[in-house]
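Everything below concerns the one structure shown next.
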Amino acid sequence: MRNSRLRLFLVGLALGSSGAGCTVSAAVQAARDRDIPRLDTALKAEAKSGELDEGEARDVAKALAKSELKAAKGDSGVLLVRSLSPCARAIEGALDDRSEKNDDVAAAAASLMLETDLVDHDEYAKYAVKSDPRPMFRAIGARSLVESDYVTIRLPLFRDLDERVRLGALSAAEEFSSPADFASLVEAARLDPLPEARAAAARAIGVIGGPEAVRALRDLWTNGDSQLRNSIALGWASPRSYAAGGQAELLWAAQNDTGDGAIAAALQIIRWNPEQTEHGHPLAVAPEDRNIALGVLTRAIKLGTRESRMATMSSAPTTPEIIEAVRAAKDDTDPGIQISAWTRLHSDGSADEKKTALAKLYDIAKGDSTDAGRAQESLAWFGDVRVEPLLAKQLVSPIGGARALGARGFVALGKRAKAASLLADKEIDVRVQAACAILIKKK
């Protein structure tokens, strides 16, 4: 088990010895101090003088994210930690330091490190092994029970009174399955009051596999909601279940279910890798089964709910049938459907369609529909600089979500410095979103 704190200390020592005597800018120092008014003044001064370049924007963003994390407290602090998920790697040291404290925010920081693979997956097992009295710490301990030695410790945690602990244990069972879990997993998938826990249990059943697991998932399907059925489809697609009847169940669900259940099953049929084998037997999808699945997906794009149409256009594989359905959707009267269609065609359409997609998205982006922001962000990711004036208006919007969208858009265009003003926003959520966007952008 690696010692992340020792590694970080050694790295920091090396960097410190080579960079002794270096000074930081006024903006970076204000961010470190979490003095937002002073940070606002410093950023404006640097922007005026030209000192606020891409590197400075990143340095300020990193300093701010660390200081916000350090100051986080209570339930709002837990939410803040979770919002840092996209940029966790950039602030690994700060997360590691915060995880050493004794409150729920520390547990959230440890959990984020676990979720983003910054520590070994069994790193925090001690909290479950020793029955830590703090529920959030026991929860990350339960999530860390992913070795054979921990199976007997994990089993009773499927029924723990705290839902976070149950979810952690069930998620661990999905990662490291054991036939000894089977009966308890079926019970959890049927009866746990937390939807996320039922879904995790269903996926874990699929990982165990075999005919009994396939039948258990079929029984669960009957009364399952969309979230559970999606997890059941994933379970049937797990290699040990797929080879033991899961393939047939996915086909049945695609043909006989309606709505999200059929879509989930169809996606798993299409996504199955024809090269995968189980015990030497090929598990390729038959052409007729693939055609049935494609039919489900194309119908979803044409006739599904607004949400399912947009989601399917985004997730469906690139085939002639899918692209034709997307082409039909581009002329829909709903701007949201149009955005999803033109965005997909910009990626997978013809050369003319890629060019037209930018024009159509720009028409929506400069309009007054509630979907205009989505179109603006899509254009930014496609590098269309015409969207800059629209994003500039978002940066000064009275609505926090709009300001955050403007920041993300400028970062997508490769202009971190333009987004840096939001690092001193009056709303902490906007500041953190801007900081994370700046930190995760590679170029």
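Laboratory data are not the source of any read-out in this text; all were calculated from the coordinates shown. Everything quoted here is computed from the prediction, not taken from an experiment. Cβ placement follows ideal geometry from the backbone for every residue including glycine, while neighbour counts extend to all protein chains displayed.
Pairwise Cα distances in the stretch 180-261 exceed 15 Å for 46 percent of all pairs. Tell me whether the stretch 88-152 comes out rounded, prolate or oblate; compute the Cα gyration tensor, take square roots of the eigenvalues as a ≥ b ≥ c, and use a/c under 1.5 as the rounded threshold. Oblate is the answer for the stretch 88-152, as a/c is 1.5 or above yet b/c matches or exceeds a/b.
Please order His346, His121 by the number of other Cβ within 10 Å, starting at the fewest.
So the residues, fewest neighbours to most, are His121, His346.
Compared with the direct C-alpha span, the chain from Ile399 to Ile153 gains 83.8 nm at full extension, assuming 0.36 nm per residue. Computed on the stretch 230-389, with alpha-carbon pairs under 8 angstrom and 6+ residues apart, the relative contact order is 13 percent. Across the chain, the mean sequence separation of Cα contacts (distance under 8 Å, 6 or more residues apart), normalised by length, yields a relative contact order of 12 percent. Rounded to the nearest 20 debye, the dipole magnitude of the chain is 1040 debye, with +1 charges on Lys and Arg beta carbons, -1 on Asp and Glu beta carbons, and the Cα centre as origin. Within the same chain, aspartates and glutamates fewer than 8 places from Lys44 are excluded, and of the rest, those with a Cα less than 16 Å from its Cα are Asp35, Asp53, Glu54, Glu56, Asp59, Asp425. Label sites at Thr370 and Ser315, each approximated as a point 7 angstrom past Cα along Cα to Cβ, lie 2.3 nm apart.
Extension gain for Val24-Asp117 works out to 30.4 nm (0.36 nm per residue, less the C-alpha to C-alpha distance). 3J(HN,Hα) along the stretch 322-330, derived from phi through the Karplus expression 6.51 cos²θ - 1.76 cosθ + 1.60 where θ = phi - 60°, amounts to 5, 5, 5, 5, 5, 4, 5, 6, 5 Hz, with x in place of Gly and Pro.
In summary, the lysines within cross-link reach of Lys130, defined as a Cα separation below 23 angstrom excluding same-chain residues under 8 places away, comprise Lys101. Using R0 = 45 Å, the C-beta based FRET efficiency linking Ser131 and Asn291 works out to 0.25. The label-point distance for Glu54 and Thr305, in a model that sets each label 7 Å from Cα toward Cβ, rounds to 4.2 nm.
Beyond 21 Å, what share of the Cα-Cα pairs of the stretch 227-315 is found? Please give it as a whole percent.
25
Averaging Cα coordinates gives a centre for the stretch 47-116 and one for the stretch 371-443; these two points are 19 Å apart. Remark: for residue pairs Lys48/Lys393; Lys73/Lys418; Lys330/Lys393, the C-alpha separation exceeds 24 Å in Lys73/Lys418; Lys330/Lys393. Put a dot 7 Å past the Cα of Arg327, heading toward its Cβ, do the same for Lys355, and the two dots end up 1.7 nm apart.
The overall shape of the stretch 141-283, judged from the alpha-carbon gyration tensor, is oblate: a/c is not under 1.5, and a/b is no greater than b/c. Across the stretch 120-208, Cα pairs under 8 Å and at least six residues apart give a relative contact order of 24 percent. Computed over neighbours whose Cβ is under 12 Å from that of Glu56, the net charge equals -2, Lys and Arg +1, Asp and Glu -1. Computed from phi, the 3J(HN,Hα) profile of the stretch 148-165 under the Karplus parametrisation 6.51, -1.76, 1.60 (θ = phi - 60°) reads 4, 5, 9, 4, 5, 6, 6, 3, x, 6, 4, 10, 4, 5, 8, 5, 5, 5 Hz, with x in place of Gly and Pro. Placing +1 on each Lys and Arg Cβ and -1 on each Asp and Glu Cβ, with no other charges, gives the stretch 263-412 a dipole about its Cα centre of roughly 460 debye.
What is the calculated FRET efficiency for Arg38 to Lys442, with r their C-beta to C-beta distance and R₀ = 35 Å, to the nearest 0.05? With R0 = 35 Å, the Cβ-Cβ based efficiency is 0.70. Within the chain, the longest run free of GluC sites (Glu not before Pro) that sit in a DSSP loop with at most 10 other Cβ atoms within 10 Å is 101-274. Rounded, prolate or oblate for the chain? Axes are the square roots of the Cα gyration tensor eigenvalues, ordered a ≥ b ≥ c, and the cut-off for rounded is a/c under 1.5. Oblate.
The mean of 1/r over all pairs of different alpha-carbon atoms in the stretch 284-363, once inverted, gives a Kirkwood hydrodynamic radius of 12.7 Å. Taking N as the residue count of the stretch 120-208, its C-alpha radius of gyration divided by 2.2 N^0.38 Å amounts to 0.93.
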